[in-house]
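Novice: Here it is, the structure, as structure tokens.
Rule-based calculations on the coordinates, nothing more; no lab input. Keep in mind that this is a model prediction, so the values were computed, not measured. Counting neighbours? That spans all protein chains shown, and the Cβs are built from the backbone with ideal geometry, glycine included.
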Amino acid sequence: MVNSGLLLARLVFGLVMAAHGAQKLFGWFGGHGLAAVANMFGSLGFRPGRFFAATAALAEFAGGLLMALGLLGPVGPAVVLSVMTVAAVAVHLKNGLFAMANGIEVPLLYGAAAAALALTGPGSYSLDTLLGLAGIWTAPVVWTVLAAGIAGAAITLAIRRAPTAAPVTA
């Protein structure tokens with residue numbers, strides 16, 4: 001039953017995360033596309049905005065697909081954890097907890113789910129198991145990959161410039 005539960009969690013979470021990235025990257029599923037997202041990232045202090053927007057969108061898209069497939073163990077979850085940490089701190093933290101007020105609720109849930117999937121492993125119904133890769137994801141390797149994701153988030157936040165103020169309209 002545990003392997004069935006992990007498959008369900010990986011498929012739902014991974015595919016939703018991949019779709020979330022596709023909204024930014026390609027404008028699919030009602031998304032705004034890379035040009036609009038790049039402007040938003042630039043206004044948040046991530047400059048050049050296009051580079052940071054493309055990196056975040058690709059991380060969400062690829063990380064979600066890796067999780068859905070159960071491929072490369074903790075790599076997909078660590079990439080998603082990194083992006084969600086940056087989103088939580090740069091966009092949502094100032095608004096409190098709940099999503100209704102644009103708080104950290106959603107990136108917190110996504111980040112926690114990603115970390116949980118990294119720590120539990122993809123389960124038997126995964127490409128890692130099919131390809132014989134499951135054994136390489138030992139606890140020290142998983143913790144190192146997760147630490148690298150957090151370090152990536154910290155570096156991204158550290159190089160962020162001051163956000164630009166939104167233009168005042170009358």
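Novice: Assuming R0 = 41 Å, what is the FRET efficiency of residue 2 and residue 32, from their Cβ-Cβ distance, to the nearest 0.05?
Specialist: 0.60
Novice: Oh, and also: Compute the length gained on full extension between residue 15 and residue 164: take 0.36 nm times their separation in residues and subtract their Cα-Cα distance, giving the result in nm to one decimal.
Specialist: Stretched out fully, the residue 15 to residue 164 stretch lengthens by 50.4 nm.
Novice: Along the principal axes of its C-alpha atoms, what lengths does the chain span, in descending order and rounded to whole Å?
Specialist: Its Cα atoms span 60, 32, 29 Å along the three principal axes.
Novice: Rounded if a/c is under 1.5, else prolate if a/b beats b/c, else oblate: with a ≥ b ≥ c from the C-alpha gyration tensor eigenvalues square-rooted, which is the range 29-106?
Specialist: Here the range 29-106 falls in the oblate category.
Novice: Here is a follow-up. Take each uninterrupted DSSP H stretch in the chain, measure its Cα extent along the helix axis, and return the ones at 27 Å or beyond whose mean Kyte-Doolittle hydropathy is at least 0.0.
Specialist: The qualifying helices are 2-26, 49-69, 139-159.
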